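Student: Sharing a structure with you now.
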Amino acid sequence: MGVIKDILRTMDYGPSPESSEHVGVWLDEHKAGFGHFINGAFTKPGALFDVFNPANGERIARVSQGSAKDIDAAIAAALKAQAKWAALSGFERSKHIYALARHVQKRERFLSVLETIDNGKPIRESRDIDIPLVARHFYHHAGWASLIDSEFPDTKPVGVCGQIIPWNFPLLMLAWKIAPALAAGNTVVLKPAEFTPLTALAFAAICVETGIPPGVVNIVTGDGATGAALVAHAGVDKIAFTGSTEVGRAIRKATAGTGKKLSLELGGKSPFIVFEDADLDSAVEGVVDAIWFNQGQVCCAGSRLLVAEGAADALYAKLRARMANLRLGDPLDKSTDVGAIVAPVQLERIRRLMRQGEEEGLEFFRANDSLPDRGCFYPPTLVTGVDPASVLAREEIFGPVLVATTFRTPDEAVALANNTRYGLAASVWTENVNRAFEVAARIKAGVVWINSTNMFDAAAGFGGYRESGFGREGGREGMSEYRIADEPKPKPSASRSQRLNASPGVAPARNMDDAPDRTAKLYIGGKQARPDSGYSYAVLDSSGREVGLAGLGNRKDIRNAVEAAAKASSWGAATAHNRAQVLYYVAENLAAREDEFSRRLRAMTGMSARAAKSEVDASIRRAFVYAGYADKFDGAVHATRARFVTLAMNEPWGVMGIVCPNEAPLIAFVSLVMPAIAMGNCVVAVPSANHPLIATDFYSVLDTSDVPAGVVNIVTGEANALARTLAEHDGVDALWYVGDMDGAAQVEALSAGNLKATWTSPATIDWAKTQGRAFLRRATQVKNIWTPYGE
Ligand code: NDP
């Protein structure tokens, strides 16, 4: 018996290579180079670049470098195809998407091998995870196509979508982009990553096979410049991007003011939190899936291990033992756990960061330093004793490197978890269900996996908080990114940026002390506050007569207001019932002062008594509507995997900036501020610059309605100047702007700093009709929490 035990212990795996014969034949057939896929056909290969197998450095294909002209042609094809594709019935579109799913499934083995050769990921992963999920995405979205009219009423497709994807999950990212876009009635131009374009080209061949109408799917290969040309093209209605935060930021700036819809799925530095009561053996397997899956080249990789001090030694010992069993090598070998890094430049990036870590004196553990003689390989690495300020704890390494830090209390764990500019994902390991959900709720991330990690499914939304981007992919949340309201094209707003001394409604600034009693002050932290500038401006009526003075807010006032809003964050944790009660009280108090508000509206705008009464009445009704909604904008439980509960929770952004238009000063203010606070946000509002007194009168309504201090802050003044400060402020999590084109462009461009979510409307809004769920959706972000059940 002793002998058999010894044999089992010392026995090694024999080679178990997956055959690449069919893929080799296909690549040989395209030896002359691949063209782009435009308007249903492959173009003749143009200027070519090489594509390598990162596991051995050999060239496997030559692919065309997409030029601005190629992008032009692809967009033209997509534009031409769009109306017809959108006009097909949902059922017809569904059949096309279903056919794509079937054909992907039929070619699973081919696509898995091709993906592994192109990207370097182990065949076990491409075969068992990537490609089955690709098929799942197309099946799932075939369903949405046929349900679109009933499930997304009053909406229409966005139009032509430009989609840019990275190299870490090449075909899966393509599926995440193309499947929902097509299901929603859009056409697409997709640019795969330069390192990994081959499965996208194989997918193009599948599109020919299944008979997708020409122009519905277009694929243009190339580098960053090709991507930039796609982003810049005037024919694109929406950009969907997955990749680095740096490029995401550039795309935010490039699309600012163009009216293009944008969703960004960016980087992460996701925490993997292990409490003392966790099942450590399961947690070790979780770590393997979190950071050594796909060589750690995963945007949501659990790359920061945060472990309770009392469990750290035991966990590290188990991890080191497990690392010794990870098999690194030929990605085509079916028993390989860790494959190749995608390209030499990426390998060098990992090495550079490791050198920086070594200079910091960090402790490194690698079970196996013997690497294959050729190809891009990096061994699984555990770095312990990492200070949260270390470069390795802050930078996205995008390699098989786990950095570990200990914590003492749950509060400290949450603080460390949130100590990052990112917010893509988190894993929480504990046997205590109360603690698991408490921590999940407090972590600022778009996805939280409890006692699990890296779970994906087409039915669940995926996407980040903070600098991990905005927008979701997957499920209903993802589908809504590809639809817009079905209404006639709105007229550009008549709102103009308020230039003091120049605008008809705003007279020159004056010293506040000239008329202290008549000046409506700012409202910050529940108190009236003198503007930092010490100046006020005269508010004029329609005939140019002065009706009062308003404080001239500046950058410092906005900063104070943001600080006050951040301090009031417990509003977001209040029960929805409590918030509803407060909002009802606001509505009631506004109703009690109906006449006074009507008179003020008339005095400021010169509108008729009837129109003023009608605006006040509508505002009261609107306040009641959002009070009613406060506890009714439910999340969902997604139907994902067996024995998992996947909760989609609508969470407030935190601090929201709201810049109101000049027109309809009361109802616009109420229509924007009330849904935001109903969802638990704290707000810094800039009211109508020409008619600010209606909002400053609103203080007293807030004061008498039990709205906690700091939940609503009001800063009056030049709207676009104040919008600028809000857009630049890193403490503002989301910003709504309704005003002119220049202001909207400015808000979008400047929001690139912390990648805050923006909603801008440079068009006239019919406030009497505009209310409801669309506002609540924009006032929240969805967190998906995955929890397994069963022993
Ligand atoms: P990028 O963000 O550069 O690439 C993502 C995609 O964007 C690729 O298709 C790329 O083209 C394209 N692209 C590059 N520049 C532009 C541009 N100016 N305008 C439009 N599109 C552009 O990521 P990298 O591949 O350079 O990887 C760098 C780092 O980014 C990684 O180390 C990792 O930290 C992070 N990353 C994060 C990913 C995620 O999923 N969140 C995925 C990939 C990387 P091309 O490939 O030809 O350069």
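The values are calculated or read from the model by the stated rules, or taken from the named source; none is laboratory data. Note that this is a predicted model, so its numbers are computed, not measured. Note that we place each Cβ from the backbone using ideal geometry, even for glycine, and neighbour counts take in every protein chain shown. When the accessible area is computed, the model is the full protein with side chains, heavy atoms only, and any ligands, DNA or RNA have been set aside. Shrake-Rupley method; radii C 1.70, N 1.55, O 1.52, S 1.80 Å.
Student: Treat each spin label as a single point 7 Å out from the Cα along the C-beta direction, and report the Glu431 to Glu276 distance in nm.
Tutor: 1.4
Student: When the accessible area of region 625-749 is computed with all protein chains present and a 1.4 Å probe, what percentage of it is carbon and sulfur?
Tutor: 55
Student: Return the tail of the calculated pair distribution for region 106-171, meaning the percent of Cα-Cα pairs more than 13 Å apart.
Tutor: 70
Student: Rounded to the nearest percent, how much of the accessible area of region 21-78 (1.4 Å probe, protein heavy atoms only) is carbon and sulfur?
Tutor: Here carbon and sulfur together make up 52 percent of the probe-accessible area.
Student: Within 13 Å, Cβ to Cβ, of Ser263, how many net charges do the neighbouring residues add up to if Lys/Arg are +1 and Asp/Glu are -1?
Tutor: +2
Student: Something else about it: Taking 4 °C and 1.567 mPa s as the conditions, I'd like the Stokes-Einstein D for the chain in µm²/s, using the Kirkwood hydrodynamic radius from alpha carbon pairs.
Tutor: D, rounded to a whole number, is 46 µm²/s.
Student: Next up: State which stretch of the chain is the longest one without any exposed trypsin sites (Lys or Arg not before Pro), exposure meaning a DSSP loop state and at most 12 other Cβ atoms within 10 Å.
Tutor: My reading of the result: 32-373 is the longest stretch.
Student: For region 91-196, with every protein chain kept in place, what is the accessible area per residue (1.4 Å probe, Å²)?
Tutor: Result: 28 Å² per residue.
Student: State, as an integer percentage, the relative contact order of the chain based on alpha-carbon contacts under 8 Å between residues 6 or more apart.
Tutor: 12
Student: Okay, moving on. What ³J(HN,Hα) values, in whole Hz, does the Karplus curve 6.51 cos²θ - 1.76 cosθ + 1.60 give for region 416-426 when θ = phi - 60°, with x put for Gly and Pro?
Tutor: 5, 4, 8, 7, 7, 7, 8, x, 8, 8, 7
Student: Straight-line reach only, C-alpha to C-alpha below 22 angstrom: list the lysines that Lys567 could link to, leaving out same-chain residues fewer than 8 apart.
Tutor: Answer for Lys567, where 22 Å is the Cα cut-off: Lys444, Lys521, Lys527, Lys556, Lys756, listed by chain and number.
Student: Is the shape of region 1-113 rounded, prolate or oblate, going by the alpha carbon gyration tensor and its root eigenvalues a ≥ b ≥ c, with a/c under 1.5 for rounded and a/b larger than b/c for prolate?
Tutor: Oblate is the answer for region 1-113, as a/c is 1.5 or above yet b/c matches or exceeds a/b.
Student: What percentage of the solvent-accessible surface of region 361-465, computed with a 1.4 Å probe over protein heavy atoms, is contributed by carbon and sulfur atoms?
Tutor: Answer for region 361-465 is 46 percent, counting heavy atoms of protein chains only.
Student: How much space per residue, in cubic angstrom, does the convex hull of the C-alpha atoms of region 529-577 take up?
Tutor: 123
Student: Another one. Would you calculate the convex hull of the Cα atoms in region 83-127 and tell me its volume per residue in Å³?
Tutor: 90
Student: Which one of Gly267, Gly120, Ala55 is farthest out on the positive end of the charge dipole of the chain, using unit charges on Cβ (Lys, Arg +1; Asp, Glu -1) and the Cα centre as origin?
Tutor: Working it through, the farthest residue towards the positive pole turns out to be Gly267.
Student: Cross-link partners among aspartates and glutamates for Lys269, C-alpha distance below 14 Å, same-chain residues fewer than 8 apart left out?
Tutor: Glu395, Glu396, Glu467
Student: Would you mind working out the accessible area per residue for region 36-79, using a 1.4 Å probe, and quoting it in Å²?
Tutor: 47
Student: As I understand it, the value is the acute angle between the Cα axis of helix 576-592 and the longest principal axis of the Cα atoms of the chain; what does it come to in degrees, rounded to 10?
Tutor: 20
Student: To make sure I understand the rule: partners must be lysines, Cα under 18 Å from the Cα of Lys489, and not fewer than 8 residues away in the same chain. Which ones qualify?
Tutor: Lys156, Lys238, Lys260, Lys261, Lys769
Student: A follow-up question, please. Keeping every protein chain present and rolling a 1.4 Å probe, give me the accessible area per residue for region 420-481 in Å².
Tutor: 27
Student: Give the dimensionless ratio obtained when the Cα radius of gyration of region 159-267 is divided by 2.2 N^0.38 Å.
Tutor: Output field value: 0.99.
Student: Reported to two decimal places, what Rg/Rh ratio describes region 259-323 when computed on Cα atoms with Rh from the Kirkwood expression?
Tutor: Dividing the radius of gyration by the Kirkwood radius yields 1.14.
Student: What net charge is computed for the residues neighbouring Met649, neighbours being all others with C-beta under 15 Å from the C-beta of Met649, Lys and Arg scored +1, Asp and Glu -1?
Tutor: It works out to a net charge of +2.
Student: Here is a follow-up. Any chance you could give the angle, 0 to 90 degrees and rounded to 10, that helix 344-359 forms with the longest Cα principal axis of the chain?
Tutor: Long axis of 344-359 versus the principal axis of the chain: about 80 degrees.
Student: Mean separation of Cα pairs under 8 Å and 6+ residues apart, divided by the residue count of region 252-350: what relative contact order is that in percent?
Tutor: Once normalised by length, the contact order is 25 percent.
Student: Report D for region 57-139 in µm² per second (integer): Stokes-Einstein, Kirkwood Rh on Cα pairs, 37 °C, 0.692 mPa s.
Tutor: Rounded to a whole number, D works out at 213 µm²/s.
Student: Cα extents of region 341-403 along the three principal axes, largest first, in whole Å?
Tutor: For region 341-403, the Cα extents along the three principal axes come out at 34, 23, 17 Å.
Student: Let me ask something else about it. Between region 93-142 and region 438-471, what is the separation of their alpha carbon centroids in Å?
Tutor: Value for the Cα centre distance between the two parts: 23 Å.
Student: Kindly express, to the nearest 10 degrees and within the range 0 to 90, the angle between helix 68-87's C-alpha long axis and the longest C-alpha principal axis of the chain.
Tutor: 70
Student: In Å and whole numbers, how far do the C-alpha atoms of region 335-476 stretch along each principal axis, longest first?
Tutor: Sorted largest first, the three principal extents are 47, 37, 30 Å.
Student: While we're on this one: Considering only Val670, Gln65, Gly339, whose Cα is most displaced toward the positive end of the charge dipole of the chain, charges sitting on Cβ of Lys, Arg (+1) and Asp, Glu (-1)?
Tutor: So the residue furthest toward the plus end is Val670.
Student: Below 8 Å, C-alpha to C-alpha, sequence gap of six or more: please give me the relative contact order for region 38-126 in percent.
Tutor: Over region 38-126, the number comes to 29 percent.
Student: Mind counting lysine pairs for me in region 1-129? Cα separation below 19 Å, and the two need to be 8 or more apart along the chain or on different chains.
Tutor: Here the count comes out as 5.
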